[in-house]
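Heads up, the thing below is written out as structure tokens.
The values are calculated or read from the model by the stated rules, or taken from the named source; none is laboratory data. Remember, it's a predicted structure, so these values are computed and weren't measured experimentally. Note that each Cβ is placed from the backbone with ideal geometry, even for glycine, and that neighbours are counted across all protein chains shown.
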Amino acid sequence: MPVSESTWSRLDAIWAEIADIEHAEAVLGWDEQVNLPPAAAAGRGDQIATLEGLVHARLTSPELADLLARAEAHPDLSGARRAWLRAARRRQERAVRIPADLVLEMSRAASAGFAVWQAARQAEAFPRYAPALARNLALARAYADALGGPDRYAALLGVHEPDVDLGRVEQVFAELRAALVPLVDRVLAAPPLSRAAFDQPVETGRQLAVGRDAVTAFGYDWARGREDLSAHPFSVSFGPEDCRITTRVDRDDFAAAFFATLHEAGHAIYEQGLPAAWGRSPLGQACSTAVHESQSRLWENIVGRSLPFWEFFAPRLAAEIPEAFGGFGAEDLFRAANVVRRSPIRVEADELTYNLHVLLRFELERALLADDLPVDELPSAWNAGMERLVGIRPESDREGVLQDVHWSQGAFGYFPTYTLGTVLAAQWLEVADRGSPDLWAQVRAGDFSGLLGFLRREIHGRAATVTPDELVRAVTGGPLDCGPYLRYLREKYRVLYG
Ligand code: ZN
């Protein structure tokens, strides 16, 4: 006997409510980062926490547990319904471990921490931020303990990446570090590339206009999106019909806003490609945080820092801002986009040093969670780690420990997904390249439909019907693998630096 229609319709209705509340929460979160007056932080924290509590109550209700058990007991489920139940069960199992009070407290602390971080970053005053960070850290420990398992960090990582265990993350970082450190040394021993094209003042509105032009060509749909300014660039989705991006502009560094826009649009293009019919179901989600990041890194770096992209875009840039870019050709801009340097800011780092920035955060947040590093000592540990891994000492905490938003919002165990996503992006590209030999000729002509079609078909369209491990095996035929990424980097920097 099939699962009764009323069971499914009630499950669908509960999940539609959960999705609606979460999207409303995301609107408040977007507004918090884009528009909020300084005095409104505490009130906004309460509003978001209330919605978070409503989601938690639905996820932990006896009714949902009963409906899920009844549906799961049936032997003859379709593949789609089995995937639905697996995705829903994962959320429900996690939620029932977490006390409602902790959910509310974490949510309020995240909003408060964000406001304090913004002010402390502005004032370059880590001591102002330290108490908020300590509070988030204590809550993250309590959250990890509630999730259970032998290791707090592994528990938090598992929230973002269910299929990649901590040991595998350590291996990935070890493999990348062993390959990247000597490669960075070799590249920096070669004659430097010129970054002159990007190191000149360009007015904010014109920077934004060319960024919009580029992501429109990629396929970002403005009827279902918009762009705003924020302290830390991000993307957010309120369902497949409303997938927004933000950026920040540095008048004297064209690359900062331009590549942040490409990056965030990569995230938003993924969200726009999730099947609309699943927008209010557990299937209409990203497959994992790393898979999400693989989309942004692919558009920002593999496409946006490629020679074929600049062969397409250099003439447009020169036409739109001739006084700044009229004298620069595709090769100049390709090289400027790939200058390797020991620089303090992660989101502005080149592809070779980027993962070393992430490794630093991975090491530090593990030490913080394990109580091996007191919060007060974090800035000096940060600076020492930057010197050891990237080879530069930040000149201020704004360029150092205060640069990233994540810990201010209580997001621990998140950073490794940046590196895993970077590795996955190269794996996707190898498959796309093999399937379509004229992919780069299309990019050179400003036609991104071949690549976008591949991503829509292979990744976006599958949404959360697969786990991340199933996805990488379905697309590439094998597991997560650093090989394609290292091959891509070696070939690219051989061309650039000889
Ligand atoms: Zn990202």
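Being within 15 Å of the ligand (Cβ to nearest atom), of a type in the set (Lys, Arg), at pLDDT below 95 and touching a helix residue (DSSP H, G or I) at 6+ places or on another chain (Cβ under 9 Å) narrows it down to one of ARG297, ARG248, so name that one.
ARG248
Comparison of GLU351, GLU363, GLU377 shows that the only residue that is within 16 Å of the chain's Cα centre (by Cα) and either surrounded by 23 or more Cβ atoms within 10 Å (Cβ to Cβ) or not basic (Lys, Arg) (or both) is GLU351.
Residue-wise test of (1) more than 24 Å from the chain's Cα centre (by Cα); (2) exposed (fewer than 15 other Cβ atoms within 10 Å of the Cβ); (3) within 22 Å of ARG305 (Cβ to Cβ).
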site	(1), (2), (3)
LEU176	no, no, yes
ALA179	no, no, yes
ALA196	yes, yes, yes
THR204	yes, yes, no
SER235	no, no, yes
THR247	no, no, yes
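Scanning the stretch 127-157 for residues that are over 22 Å from PHE114 (Cα atoms), buried (at least 21 other Cβ atoms within 10 Å of the Cβ) and not aliphatic (A, V, I, L, M) yields a single hit, ARG152. The helices (runs of 4 or more DSSP H) located wholly in the stretch 342-435 that include 1 or more residues which are within 16 Å of the ligand (Cβ to nearest atom) occupy 354-369, 416-435. Can you tell me which residues in the stretch 284-294 are crowded, with 23+ Cβ neighbours inside 10 Å and away from the ligand (no atom under 11 Å from the Cβ)? Within the stretch 284-294, CYS287, SER288, VAL291 qualify. Can you tell me which residue in the stretch 263-278 is surrounded by the fewest Cβ atoms within 10 Å (Cβ to Cβ), limited to those that are within 19 Å of TRP222 (Cβ to Cβ) and away from the ligand (no atom under 11 Å from the Cβ)? Filtering the stretch 263-278 for residues that are within 19 Å of TRP222 (Cβ to Cβ) and away from the ligand (no atom under 11 Å from the Cβ), the one surrounded by the fewest Cβ atoms within 10 Å (Cβ to Cβ) comes out as ALA276.
Residues of the stretch 164-178 include at least one that is charged (D, E, K, R), at negative phi and without any contact (Cβ under 8 Å) to a residue 40 or more places away in the chain.
Pairs meeting the criteria (first residue in the stretch 296-312 and polar (S, T, N, Q), second residue within 13 Å of the ligand (Cβ to nearest atom), beta carbons under 6 Å, at least 6 apart or on different chains) are SER296/HIS263; SER296/GLY266; SER296/HIS267.
Scanning the stretch 30-50 for residues being small (Gly, Ala, Ser) and more than 15 Å from GLY113 (Cα to Cα) gives a total of 0.
Being acidic (Asp, Glu), in contact with a Leu (Cβ under 8 Å, 6 or more places away or on another chain) and under 30 Å from ALA134 (Cβ atoms) is a description that applies to GLU52. Residues of the stretch 37-60 being touching a residue at least 60 places away in the same chain (Cβ under 8 Å) and crowded, with 16+ Cβ neighbours inside 10 Å, which ones? Those that are touching a residue at least 60 places away in the same chain (Cβ under 8 Å) and crowded, with 16+ Cβ neighbours inside 10 Å: ALA41, ARG44, GLY45, ILE48, ALA49. Any residue that is part of a helix (DSSP H, G or I), surrounded by fewer than 16 Cβ atoms within 10 Å (Cβ to Cβ) and without any contact (Cβ under 8 Å) to a residue 40 or more places away in the chain - is there at least one of those in the stretch 451-458? Yes, that holds for at least one residue.
Taking the numbered list (1) of a type in the set (Val, Ile, Thr); (2) over 21 Å from the mean Cα position of the chain (by Cα); (3) buried (at least 23 other Cβ atoms within 10 Å of the Cβ) in turn, ILE321 passes all entries but (3).
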